[in-house]
1. Can you tell me the FRET efficiency between Asp377 and Asp139 if r is taken as the Cβ-Cβ distance and R0 is 45 Å, rounded to the nearest 0.05?
2. For Tyr395, Tyr508, which order do you get if you count the other beta carbons within 10 Å of each Cβ and list the fewest first?
3. Would you please put 405-411, 16-22 in order of how densely packed they are, using the mean number of other Cβ atoms within 10 angstrom per residue and starting with the highest?
4. Check which residues have an amide H placed less than 5 Å from Tyr207's amide H, if you skip close sequence neighbours.
5. Can I get the semi-axes of segment 101-146's equivalent ellipsoid? Compute them from the C-alpha gyration tensor as square roots of 5 times the eigenvalues, in angstrom, largest first.
6. Output ³J(HN,Hα) for segment 21-30: one whole-Hz value per residue in order, computed from phi by the Karplus curve 6.51 cos²θ - 1.76 cosθ + 1.60 with θ = phi - 60°, and x for Gly and Pro.
7. Just to check I understand the Karplus step: with θ = phi - 60° and J = 6.51 cos²θ - 1.76 cosθ + 1.60, what whole-Hz values come out for segment 413-423, glycine and proline as x?
8. Sorted from fewest to most neighbouring beta carbons within 10 Å, what does the list Thr273, Thr143, Thr464, Thr426 look like?
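Just so you know, all these numbers are worked out from the coordinates, no wet-lab data involved. Quantities reported herein were computed from a predicted structural model and do not represent experimental measurements. Counting neighbours? That spans all protein chains shown, and the Cβs are built from the backbone with ideal geometry, glycine included.
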Amino acid sequence: MLTKDLLRVSRAGGGYHPQFADRSHRPLAARVIGTYQGHVGEPRAALEDALTGLERGTPRVPDDSSGQPREREADDFKLARGLAALVEREATFETDAAIEPDRARRVAFEAAEAVGVVTEDERAMALIRASESLDVSADDLETALYADLEERQVLTAVEPRWDPDGLVAQYNLSLAQTALFDATEVRVRSSDPKALLSAIKRLRLMYEIRRLEDERTDRLSEREVIVTGPTHLFRATRRYGTRFARLLRTVASANAWQLEATIDDRGTERTLTLSDADPIRVPDAEPVADVSFDSGVEADFAARFSTLDLDWDLVREPEPLATGTRVMIPDFAFEYAHGDFRIYFEIMGFWTPEYVQKKLSQLADLEDVAMLVAVDDSLGVGEEIAARDHRAIPYSGTVRVKDVADVLREYERQLVAEDAAQLPDTLQPDDDVITLEALAERHGVSAAALADKATPDHERVGRTLVRPAVLESIKGDLEAGMALENAEAVLEADGLSDASAILSRLGYRVEWDGLAGGTIVER
């Protein structure tokens, strides 16, 4: 999958059409792979310059008409970056320095303060004094000062799993997966419905099956599988978008298939249509997006955590954390859905004493990082971890999801309080009708942060803010005995979806007539 900023779609005609790569883009894919392979041993900055050159096109190629060199037309920026993003995941970057950069800066700045650096000669003298105390050369010390900056990290290895054709195929699959991030419903017909349903159940998606009358073909099942996300029930989450994207791998593995998805395109509903006629195939290599685990404990925890509806997303093996001169890659990270905050999570099972001591050493060197550690009871190191200012959760056999969720809620309460403190006491949106979730998203906070805020121009009805004039207008359009579906149509005309709360506020209740529907009557 790609990041959403690299999504290439056409919205012509009100649709939502991924802009796939084709055979003509194979040379660009080859250049992207070659660019990474040719920059092994060089800093990231040099690699980025080369990639920027690819984005702008390959300069000075022969002109067939005159034979003179000319500028090649620039390739699509998002296409070049998308191909590079896939190869990037197969690359390894490391800090190349004789001494840990933080330590180098601290000692160098202390020496500079003692010398009183003003001129270049004084700076050189400070570096020499600092290098002597660290037992390294002045040149090595100067190199180490900022060697941990991203642009100075060195590409040490790249092992792409694809040739140029494979990279184009992986790009097309990843592009289609990314287009499904904002899907609220996916409708699929497949020549292999058994594999499709198996994948849906494995991904814990909600679904229903509908038989299509007179639409059976030799290639597709007459049954359509409708996969829905939580938008229709509660709210959308990135977790469901990711699952829709992963489901596409199974869909596209069938000999024949059709997929139609409803996309929430920044508030506008669009339709995405894909089929086996599109250039989407599943490469033989395992996908980058598929998650692997180091132990059954980790896999079990991830599976059970994914069933929770929390405001935290679980990330497998996030970016490395600096621990002295080495790095540590935590097992997981929890990302808060309503802000830039992350909690790292490590599961320490029963391993050798040497491994445990290595982990403890790494944890001791972490600074300014929120770290949660699940510790096997048999290790007996919970107190040592707590002494390093990290949260420890003991476990035996499996990690209790509730224990982890309780810690996340503690952090969440703090984050909500901080968000609420930054908001004004009174909120006055211009909208006549707006949900609490939409208003919270507008302010970049969770809906919980709005709990104590005054909204003098609006009345809170359920999870919606409504101007009193709108309520009065709707009340005049409703009457006892009206069919529920007609009443809901009146509410939807004013952007109100919480029919139960609105009808209750206006003095009505629903008298149900089985599952077929009902009528509204006065309370």
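1. On the way: r = 50 Å, r/R0 = 1.12.
After rounding to 0.05, the efficiency reads 0.35.
2. On the way: Tyr395 18, Tyr508 23.
Placing the least packed residue first, the sequence is Tyr395, Tyr508.
3. Ranked by mean Cβ neighbours within 10 Å, highest first: 16-22, 405-411.
4. Thr228
5. Details: eigenvalues 46, 21, 17 Å².
Its equivalent ellipsoid spans semi-axes of 15, 10, 9 Å.
6. So the J values, rounded to whole Hz, are 7, 9, 4, 5, 8, 4, x, 5, 4, 5.
7. Along segment 413-423, the couplings run 4, 5, 5, 4, 5, 5, 5, 5, 5, 7, 8 Hz.
8. Details: Thr273 13, Thr143 18, Thr464 22, Thr426 10.
Lowest count first: Thr426, Thr273, Thr143, Thr464.
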